[in-house]
Amino acid sequence: MNISKILIGVFAALLSTLSPAAAQSLDNPSDIIVGNWQPSNGLSVIQIYKGKEAAGEDPKKLYGRTIWLKEPNDPETKQPNLDKNNPDESKRKTPRKGLVIMKDVIFTGSKEKLTWGEGSIYDPNNGSTYSFEATISPQNLNVMEGRGYIGVSLFGRTDTWKRLVKK
């Protein structure tokens, strides 16, 4: 077997292991963040998607919706968990599953520095909304560092989210 056949085989094997995010990176680095992500606590899955005009969202911005909850129902009422901590009383009966918690995020980076920001993230556990920024390393497109903060990024909290990929 000659060396070129071995190299072609290795290259083909490497290509087959690329995630959908890796394939997207070749075309449009701003879309690498699109997908399903699980925060470090493992209690939910957030689907990050491009805005839908029909839903009143800006198609040039990114949004995140809760698509799975470890505990979808309130243990006391056995009914779906609601956004009961929302400061807007009219939204407290909104189910947490399906809730858009990330809004108006835009790509602020480059192919070498994958960053997003200028949006917000809502924490339904305490009813607070924070400024939001995220970073994904070009070396591992399936791990995101998301940071929520008030005012200056220095005053905030970073959480590691992992992309859920089909096996």
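Just so it is clear, none of the values below were taken in a lab; they were calculated from the coordinates. Everything numeric here is computed off the predicted structure, so don't read it as measured data. Glycine gets a Cβ as well: all are built from the backbone with ideal geometry, and neighbour counts include every protein chain shown.
So for the range 109-124 (the condition being among the small types (Gly, Ala, Ser) and touching a Pro at 6+ places or on another chain (Cβ under 8 Å)), does at least one residue qualify?
yes
Which condition does Tyr63 not pass, out of (1) under 18 Å from Thr115 (Cα atoms); (2) over 17 Å from the mean Cα position of the chain (by Cα), if it passes all the others?
Of everything listed in (1) under 18 Å from Thr115 (Cα atoms); (2) over 17 Å from the mean Cα position of the chain (by Cα), Tyr63 misses just condition (2).
Restricting to the range 114-143, what's the tally of residues that are under 14 Å from Pro29 (Cα atoms) and aliphatic (A, V, I, L, M)?
4
Yes/no per residue for (1) in contact with a Lys or Arg (Cβ under 9 Å, 6 or more places away or on another chain); (2) in contact (Cβ under 8 Å) with a residue 24 or more places away in the chain; (3) within 16 Å of Thr129 (Cβ to Cβ); (4) surrounded by 15 or more Cβ atoms within 10 Å (Cβ to Cβ):
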| position | (1), (2), (3), (4) |
| --- | --- |
| Gln47 | yes, no, no, yes |
| Gly64 | yes, yes, yes, yes |
| Asn73 | no, no, no, no |
| Asn86 | yes, yes, yes, yes |
| Met102 | yes, yes, yes, yes |
| Lys111 | no, yes, no, no |
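Considering each residue of the range 130-141, count those that are exposed (fewer than 15 other Cβ atoms within 10 Å of the Cβ) and either out of contact with any strand residue (DSSP E or B) (no Cβ under 8 Å at 6 or more places or on another chain) or within 24 Å of Ser90 (Cβ to Cβ) (or both), and give that number.
The total comes to 2.
Looking at the range 62-84 only, could you name the residues that are of a type in the set (Lys, Arg), in a loop (DSSP other than H, G, I, E, B) and within 17 Å of Tyr122 (Cβ to Cβ)?
Within the range 62-84, just Lys84 meets the criteria.
Hey, can you tell me all the residues within the range 85-110 that are part of a loop (DSSP other than H, G, I, E, B) and under 23 Å from the mean Cα position of the chain (by Cα)?
Residues satisfying the conditions are Asn85, Asn86, Thr94, Arg96, Lys97, Gly98, Leu99, Thr108, Gly109, Ser110.
Is there a residue being part of a loop (DSSP other than H, G, I, E, B) and of a type in the set (A, V, I, L, M) anywhere in the range 42-61?
So far as the range 42-61 goes, yes, one or more of its residues are part of a loop (DSSP other than H, G, I, E, B) and of a type in the set (A, V, I, L, M).
Can you tell me which residues in the range 142-167 are touching a Phe, Trp or Tyr at 6+ places or on another chain (Cβ under 9 Å) and loosely packed, with under 13 Cβ neighbours inside 10 Å?
Ile150, Phe155, Arg157
Limited to the range 130-167, what total is found for residues that are in a strand (DSSP E or B) and over 16 Å from the mean Cα position of the chain (by Cα)?
Of the residues in the range 130-167, 2 are in a strand (DSSP E or B) and over 16 Å from the mean Cα position of the chain (by Cα).
Being among the β-branched types (Val, Ile, Thr) and either touching a Cys at 6+ places or on another chain (Cβ under 6 Å) or surrounded by 10 or more Cβ atoms within 10 Å (Cβ to Cβ) (or both) is the filter here, so list the residues in the range 75-84 that pass it.
Within the range 75-84, none qualify.
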